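Trainee: My questions will all concern the structure given below.
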Amino acid sequence: MTDTHTEEGHTEHTGHGGHHVFDAATLKKTFAILVGLTILTVVLALWERGFANVFGLEFTYPALPVGPLSIPIALGIAGTKVYWVASRFMGLKYEGGTNTLVFLGSTAFLLVFFAFTYLDFAFRGTFEELSAVPTDVLEEEVLQAQEIETEIADEFETVPLVNETPDAELFGVPETDAAGSQALDAAVTTPSETTP
């Protein structure tokens, strides 16, 4: 069995399948990086809020205006921590081939899964429409239109187009003789109502 020394101070045993033993310096360095990134995550989260409540003491300070970059920054820090754990503790840095391929493939799948979940959640209810306007904007426009409709409803009172009784001034007074009434009734009856 042969021992080789790498640049990070870790002894690699190449005689029995590539088992890696890390020295204390590498483990301390990895631990310090992971703790530092965790502290950075907490500091950025508190800084973005603009206030903190620590053991009952409230602190107020100017907020960090990261806006929509908040989640990508947090995921970037978390991804860096995943890299350090996977490469050092899981040994993917020193293994080739299959394990690294599986790890990268599952990470890519996870990113695609998160992307499609975000698309579904962010634009839910807008895919049936021709535009991708968020539903809360559409609902607000409908409420505004209903308010305007109730305000102007009195101005637009409906008037029937046909009166039940004809206007006497316009059409004159109808004649009510018996012959005219019978002729009108005969014209209105259908052939099936007449008897032979």
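The values are calculated or read from the model by the stated rules, or taken from the named source; none is laboratory data. Just so we're clear, the structure is a prediction, and the values are computed from it rather than from any experiment. Positions of Cβ are backbone-derived with ideal geometry, glycine not excepted, and every protein chain shown enters the neighbour counts. Quick note on the areas: whole protein, heavy atoms, side chains included, nothing else; ligands and nucleic acids left out. Shrake-Rupley method; radii C 1.70, N 1.55, O 1.52, S 1.80 Å.
Trainee: Considering only residues that are within 18 Å of T30 (Cβ to Cβ) and of a type in the set (S, T, Y), look in segment 74-99 and name the one that is farthest from the chain's Cα centre (by Cα).
Mentor: Among those that are within 18 Å of T30 (Cβ to Cβ) and of a type in the set (S, T, Y), it is Y94.
Trainee: Got a number for residues in segment 136-163 being closer than 27 Å to F121 by Cβ, of a type in the set (D, E) and at pLDDT 85 or above?
Mentor: Counting residues in segment 136-163 that are closer than 27 Å to F121 by Cβ, of a type in the set (D, E) and at pLDDT 85 or above gives 3.
Trainee: Write out, first by first residue and then by second, each pair whose Cβ atoms fall under 9 Å of each other, whose residues are 6+ apart or on separate chains, and whose first residue, in segment 99-111, is under 12 Å from G79 (Cα atoms) while the second is open to solvent by 50 Å² or more (accessible area, probe 1.4 Å).
Mentor: T107/V82
Trainee: If you don't mind, another one. List the number of the failed condition for E128; all other conditions in (1) acidic (D, E); (2) part of a helix (DSSP H, G or I); (3) modelled with pLDDT under 80 hold.
Mentor: (2)
Trainee: If only one of S106, S181 is assigned to a helix (DSSP H, G or I), among the polar types (S, T, N, Q) and either touching a Phe, Trp or Tyr at 6+ places or on another chain (Cβ under 6 Å) or at pLDDT 60 or above (or both), which one is it?
Mentor: Answer to the selection: S106.
Trainee: Pairs please, first residue from segment 66-83 and open to solvent by 40 Å² or more (accessible area, probe 1.4 Å), second anywhere and modelled with pLDDT under 85 and assigned to a loop (DSSP other than H, G, I, E, B), Cβ atoms under 8 Å, 6+ apart in sequence or on different chains.
Mentor: Taking only residues 6 or more apart or on different chains, the pairs are I73/V66.
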